[in-house]
1. Which one of Ala69, Leu84, Ile25 has its Cα pushed farthest toward the positive end of the charge dipole of the chain, where Lys and Arg give +1 and Asp and Glu give -1 at the Cβ?
2. Per 0.36 nm of contour for each residue apart, how much would the distance between Ser11 and Leu76 grow if the chain were fully extended, relative to their Cα-Cα spacing?
3. Below 8 Å between Cα atoms, with a sequence gap of 6+, how large is the relative contact order for the range 31-115 in percent?
4. Could you order the peptides 73-81, 29-37 from most to least packed, using the average number of other C-beta atoms within 10 Å per residue?
5. If the only charges are +1 at each Lys and Arg Cβ and -1 at each Asp and Glu Cβ, what is the size of the charge dipole of the chain around the Cα centre, to the nearest 20 debye?
6. Just from its helices, what would the mean residue ellipticity at 222 nm be for the chain, if runs of 4 or more DSSP H residues each count -39500 (n - 2.57) and the sum is divided by every residue, rounded to the nearest 500 deg cm²/dmol?
7. Quick one: grab the alpha carbon gyration tensor of the chain, order the square roots of its eigenvalues as a ≥ b ≥ c, and give me rounded if a/c is under 1.5, else prolate or oblate depending on whether a/b is larger than b/c.
8. What FRET efficiency would be calculated for the residue pair Asp53, Val91, taking the C-beta separation as r and a Förster radius of 30 Å, to the nearest 0.05?
Amino acid sequence: MVTNITNFGRSGLSDWLIQRVSAIILAVYTLFMVGFLLFNPGLDYATWSGLFDQTWMRIFSLLAFVSIAAHAWIGLWTVTTDYLKPTGIRVAAQTIIILAIFVFLVWGVQVLWGA
């Protein structure tokens, strides 16, 4: 039996709920971005930069970044625990995955809030 020491929510129900909430946030963010692109056919750098200069958009994007990190971790944790049975290989894969997710999250925050 696989132990739950590396899952995100510490229970199946909380993992399920995090997956669903993060999926909704990502869907809303995607719909907003698609709508913004459709309603701004002559999009230029000034308009795009103006959108991301607004605090609400930075917070919305940060929420999307955190949601994608949580969503990806729970999904990949589930896949690795289901299909990688040797403990060493599973822990190594999960370590690489969590480090990659962390790096991408920090990088996204830096791009979003950097100078």
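1. Result: Leu84, furthest along the dipole toward the positive end.
2. Additional length available on full extension: 21.8 nm.
3. Once normalised by length, the contact order is 34 percent.
4. Output ranking for 73-81, 29-37: 73-81, 29-37.
5. Once rounded to the nearest 20, the dipole reads 340 debye.
6. Calculated at 222 nm, the ellipticity per residue is -28500 deg cm²/dmol.
7. Prolate is the answer for the chain, as a/c is 1.5 or above and a/b outweighs b/c.
8. Given R0 = 30 Å and the Cβ-Cβ separation, E is 0.10.
Readers should treat all values here as calculations from the given coordinates under stated rules, not as data from a laboratory. Everything quoted here is computed from the prediction, not taken from an experiment. So basically every Cβ, Gly included, is an ideal-geometry build from the backbone, and we count neighbours across all protein chains shown.
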